[in-house]
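Undergrad: I have a structure I would like to understand better, so I am pasting it below and will then ask my questions one at a time.
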Amino acid sequence: MKPEILLLEPMMSEIEKELYDAYVVHPYQSGDDIAKFAPQIRGIATGGGTGVPRAIMDQLPALEIIAVNGVGTDAIDLVETQRRNIAVTTTAGVLTDDVADLALALILASLRDIVAGDEFAHKKLWGKETLPLSRKMSGKKLGIFGMGNIGRAVARRAQGFDMRVSYNSRKDEGLKDVTYVPSLTELARQSDILVISVSGGPATRHLVNQEVLEALGPKGLLVNISRGTVVDEAALIEALKAKKLGWAALDVFENEPHIPDELLGMQNVLVQPHRASATIETRLQMGKLVVDNLAAHFAGKPLLTPVPAK
Ligand code: 8YV
């Protein structure tokens, strides 16, 4: 008998096919009633942003494993998974490049007004009107909040653009060629651009607040490729409206998939629908890890990329 699993977020068709071949898959959409099959569910495949709502986990007495198609575990109650001895796996390592690439793309697109230039050309305004000048990227001062794998990959790329890189994280990582700044507000004050690459969750909730945003200032650019919860979104909107912050380029939001209308209506805000890891190459590798972790679990073998118990 195939084990039954819950699919909380769609995955690539190739990956879903492998899941449907190996398991009885129950695809889930918000609001679905899972009561009929809930007692049989032994595994979950989900995304980093989606995680597993506690209300769903509580309906699954036979749950053994949650395989996250992403690196973030902030949307999963890890105290509860540990208490119930539910294994959790992620796709650690696989998506670092893509997320760092998108951070650099957002910086370039924002400073160089790529979207406005594209619209201008598409609307055949070239030769008729003048586009305002954009802003230079090379040589800027870049602050990175969170110096894990993704923060480091952002730093390496930024150095290719001759940027001076500083960072704030829990501790001084003793890294070469980048400067540790013990205060986040001070880091923002010293930076032209602040990239958020810290993990989400209660420990980092709203750490990027009014004070940090205003320290970044009217010429500053905020880039978020981590979690919307790290930024106080209401304070961000206020800072942008009051021109106390220059620009924002955001891949993540506090209440996804909702993006506040105020942000959507601002010319100095560039948004993406949480797609930093959404390339064909990476999503295939991520999906393969989800498939392989589930297979290892149900074969009684060691997991490939488990989240270590705390
Ligand atoms: C993905 C993410 O978009 O890795 C994460 O934690 O949030 C992203 O890479 C997501 O996991 C797919 O839903």
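Undergrad: Debye sum, Cα scatterers, the range 1-107, no solvent: what log₁₀ I/I(0) at q = 0.11, 0.17 1/Å?
TA: Scattering profile of the range 1-107, log10 relative to I(0): -0.36, -0.81.
Undergrad: Before anything else, pin down the relative contact order of the chain: Cα pairs under 8 Å, at least 6 apart, normalised by residue count, whole percent.
TA: This gives 16 percent for the chain.
Undergrad: Then there's this: Picking from Leu131, Leu245, Leu263, which is most flexible by a Gaussian network model of the chain using Cα springs under 10 Å?
TA: Looking only at Leu131, Leu245, Leu263, the largest GNM fluctuation is found for Leu131.
Undergrad: Let me ask something else. Using just the helices of the chain, give the 222 nm mean residue ellipticity in deg cm²/dmol: DSSP H runs with n ≥ 4 each add -39,500 (n - 2.57), and the total is spread over all residues, rounded to 500.
TA: -9500 deg cm²/dmol
Undergrad: When the chain is modelled as a GNM with alpha-carbon springs shorter than 10 Å, which of Thr91, Thr46, Thr130 fluctuates the most?
TA: Thr130
Undergrad: Follow-up. If you build a Gaussian network model of the chain, linking Cα atoms that sit under 10 Å apart, which residue out of Gly143, Gly117, Gly31 swings the most?
TA: For the chain, modelled as a Gaussian network with Cα springs under 10 Å, the answer is Gly31.
Undergrad: Further question on the same structure: For the range 96-271, what are the per-bin percents of Cα-Cα distances with bins 5 Å wide, up to the bin holding the maximum?
TA: That works out to 2, 9, 18, 22, 21, 14, 8, 4, 2, 1, 0, in percent per bin.
Undergrad: Would you list, by chain and number, the lysines whose Cα falls below 30 Å from the Cα of Lys171, excluding same-chain residues fewer than 8 positions away?
TA: Cross-link targets: Lys140, Lys141, Lys219, Lys244, Lys310.
Undergrad: Students often forget the sequence filter, so: which lysines lie under 27 Å Cα-Cα from Lys128 once same-chain residues fewer than 8 apart are removed?
TA: Straight-distance partners of Lys128: Lys136.
Undergrad: Rounded to the nearest 0.05, what FRET efficiency is calculated for Glu186 and Ala278 with R0 set to 30 Å and r the Cβ-Cβ distance? Before the final figure, lay out the partial values.
TA: Working: r = 34 Å, r/R0 = 1.13.
Computed FRET efficiency for Glu186 and Ala278: 0.35.
Undergrad: Run through the range 157-259 and list the trypsin sites (Lys or Arg not before Pro) located in a DSSP loop whose Cβ has at most 11 other Cβ atoms within 10 Å. Walk me through the numbers on the way to the answer.
TA: Details: sites: Arg157, Arg164, Arg170, Lys171, Lys176, Arg189, Arg205, Lys219, Arg227, Lys241, Lys243, Lys244; in loops: Arg170, Lys171, Lys176, Arg205, Lys219, Arg227, Lys243, Lys244.
Taking the range 157-259 and a limit of 11 other Cβ atoms within 10 Å, the loop trypsin sites (Lys or Arg not before Pro) found are Arg170, Lys171, Lys176, Lys219, Lys243.
Undergrad: In addition: Based on the Cα gyration tensor of the chain, what are the three equivalent ellipsoid semi-axes, each the root of five times an eigenvalue, rounded to whole Å and given largest first?
TA: On the way: eigenvalues 284, 93, 66 Å².
Working through the eigenvalues yields semi-axes of 38, 22, 18 Å.
Undergrad: Please state the charge dipole magnitude for the chain, taken about the Cα centre, from unit charges on C-beta atoms (+1 on K and R, -1 on D and E), reported in debye and rounded to the nearest 20.
TA: 840
Undergrad: Then there's this: Pull up all non-local amide H partners of Val307: gap of 5 or more, or a different chain, and H-to-H distance under 5 Å with H placed in the peptide plane.
TA: Val88, Thr89, Thr90
Undergrad: With a ≥ b ≥ c taken as the square roots of the eigenvalues of the C-alpha gyration tensor of the range 146-220, please select rounded if a/c is under 1.5 and otherwise prolate if a/b is larger than b/c or oblate if it is not?
TA: The shape class here is oblate.
Undergrad: Shifting gears a bit: To check you understand DSSP bridge types, tell me what percent of the beta bridges within the range 96-271 (both residues inside) are antiparallel, rounded to 5.
TA: Working: 1 of 25 bridges.
Rounded to the nearest five, the antiparallel share is 5 percent.
Undergrad: Here's another thing I want to ask about it. Restricting attention to the range 1-72, which trypsin sites (Lys or Arg not before Pro) occupy a DSSP loop and are surrounded by at most 16 other Cβ atoms within 10 Å?
TA: For trypsin sites (Lys or Arg not before Pro) across the range 1-72 that sit outside H, G, I, E and B with at most 16 neighbouring Cβ atoms in 10 Å, the list reads Lys36.
Every number here is computed from the coordinates shown, using simple stated rules; none is lab data. Computed from a predicted model, the values in this text were never measured in an experiment. Here Cβ is always computed from backbone atoms with ideal geometry, including for glycine, and neighbour counts include all displayed protein chains.
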